[in-house]
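> My questions all concern the structure below.
All of the numbers you see were taken from the coordinates with simple rules; none came from a lab. Everything quoted here is computed from the prediction, not taken from an experiment. Ideal geometry is used to build each Cβ from the backbone, glycine not excepted, and the neighbour counts take in all protein chains shown.
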Amino acid sequence: MSKVLVTGGTGYIGSHTVVELINEGFEVVIVDNLSNSNVAVLDGIEKITGVRPAFENIDCVDYVSMDRMFAKYENIDSIIHFAASKAVGESVEKPLMYYRNNLVSLINILQLMPIHKVRNFVFSSSCTVYGQPDVLPVTEDAPIKPAMSPYGNTKQIGEEIIRDTIHAAPASYQSIILRYFNPIGAHSTAEIGELPNGVPNNLLPFVTQTAIGIRKQLQVFGDDYDTPDGSCIRDYIHVVDLAKAHVVAVKRMLQGKSLSNVETFNLGTGRGLSVLEILTTFEKVNEVKVPYKIVGRREGDIEKVWADPTIANEVLGWKATETVEETLRSAWAWEQKLRTQTTN
Ligand code: UFG
């Protein structure tokens, strides 16, 4: 059985990916320092799959502990590296924390790969590397724009570190860089989902928390953009679709199907939706009201971005299939379940 290390495996995208890996017969080892997740996520994973993955509470910045972990779980053949700090605003306040967390952890893992003969590496990157693209939908060969935040910069630099490292490594070492658009939604069982600490920065958790009454009102950041309804446009993708792409990427490398040692894929639906479209669709499919008001633009926001997923569809052999309606239903089901759990 192929063994995969998932760093950040109790996080939002990580936990959904662990479920898909287990469903496909992989043995999973999770490394997470629980800085932005809860160990109870393991219960959710076990409820869905019937398997409790191995878990190590380790910070990937800790080289010695990571080295020991690789030695303990022999024969890990692939790594999916999610573990990273990801709040754009916080990264502006604490740049060194972001450079340390996101880059030192990456360097540690890349350095440990040849020592423990782990040859396949999947990296969580982001469409943030494109900034505001000149051409939409955005393809993988679109120019990389100067990063808008230290967080975004860690993704750009991370990609470069991977390219240089794999280039210098023996031919059997390979990586797939996945550029995520906007993951939303939750597992269909509502056993796992997005659980941000404190006040959510991202749209969907704010929408669900407002709908359930934890927040009074959603602020829509700007209605004067150059878009049909004036609000920003993103490519929202169901987190389970996104998770499945990681399984496809690992299999691709294990089966020697990669066309080059480092491949890069856009993970999006190809469909752009505005903030107001998300809001009205959420209200309609879930039959719930979301009080909102239009406020000024949020600093640093991209006006519009959505993916051209053709290369992911045709070369990687993966396609997002969930509808936005289903995705928004799953987000609401998860929020309601969370609420029931906390009031019990
Ligand atoms: N938005 C609101 N109100 C809110 C929150 C968000 O109107 O309370 C709007 C934003 O202005 C934006 C859209 O909803 O137009 C999506 O915002 P998110 O914060 O959910 O997502 P972003 O596209 O801004 O950022 C996300 C990740 C970043 C990542 C970026 C690009 O949060 O980590 O995608 O990959 F860098």
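> If you take every residue apart from H246 with its C-beta less than 11 Å away from the C-beta of H246, what net charge results, scoring Lys and Arg +1 and Asp and Glu -1?
Net charge around H246: 0.
> I214 versus K251, label points 7 Å from Cα toward the beta carbon: distance in nm?
Result: 3.5 nm between the two label points.
> Starting at the first residue of segment 141-153, write each ³J(HN,Hα) from the Karplus equation 6.51 cos²θ - 1.76 cosθ + 1.60 with θ = phi - 60°, in whole Hz, x for Gly and Pro.
8, 5, x, 7, 9, x, 5, 8, 7, x, 4, x, 5
> First select every other residue whose beta carbon is under 10 angstrom from the beta carbon of W306; then total the charges, Lys and Arg +1, Asp and Glu -1.
Local charge sum for W306: +1.
> Quick check for me: using +1 on Lys/Arg Cβ and -1 on Asp/Glu Cβ, what's the dipole size of the chain about its Cα centre, in debye to the nearest 20?
Here the chain has a charge dipole of around 460 debye.
> Kindly list the residues of segment 34-53 that lie in the label zone of D62, defined by a backbone N under 13 Å from the point 7 Å along the Cα-to-C-beta vector.
34-35
> Another question, if that's okay. Could you give me the ³J(HN,Hα) list for segment 278-284, computed from phi with Karplus coefficients 6.51, -1.76, 1.60 and θ = phi - 60°, whole Hz, x at Gly and Pro?
4, 4, 5, 5, 4, 4, 5
> Hey, another quick one. Specify the inter-centroid distance of segment 24-96 and segment 289-344, based on alpha-carbon positions, in whole Å.
23
> What 222 nm value per residue comes from the helices of the chain, counting each DSSP H run with n ≥ 4 as -39,500 (n - 2.57) and dividing by all residues, nearest 500 deg cm²/dmol?
On the way: 11 runs with 129 residues, N = 344.
Theoretical 222 nm ellipticity from helices: -11500 deg cm²/dmol.
> In addition: Each residue of segment 327-340 in order: what ³J(HN,Hα) in whole Hz does its phi give by Karplus 6.51 cos²θ - 1.76 cosθ + 1.60, θ = phi - 60°, with x for Gly and Pro?
So the J values, rounded to whole Hz, are 4, 6, 5, 5, 5, 6, 4, 5, 4, 5, 5, 4, 4, 4.
> Just the Cα atoms of segment 34-94: what Rg and Dmax do they give in Å?
14.4, 41
> Moving on to the next point. Which entries of K251/K337; K47/K216; K47/K117; K47/K284; K284/K337; K86/K145 show an alpha-carbon separation above 26 angstrom in the structure shown?
Those over the limit are K251/K337; K47/K216; K47/K117; K47/K284.
> Most fluctuating residue of T264, T208, T323 in a GNM of the chain with Cα springs under 10 Å: which is it?
Maximum among the listed residues: T323.
> On to the next question. Calculate, in nm to one decimal, what K47 and Y73 gain on full extension: separation in residues at 0.36 nm each, minus their alpha carbon distance.
In short, 7.0 nm is gained.
> What are the residues whose amide H is under 5 Å from the amide H of S2, where those residues sit 5 or more places off or on another chain and H is modelled from the backbone?
E27
> With viscosity set to 1.002 mPa s and temperature to 20 °C, compute the Stokes-Einstein D of the chain, Rh being the Kirkwood radius across alpha carbon pairs; µm²/s, no decimals. Before the final figure, lay out each step's value.
On the way: Rh = 20.4 Å.
Using the Kirkwood radius from Cα pairs, D works out to 105 µm²/s.
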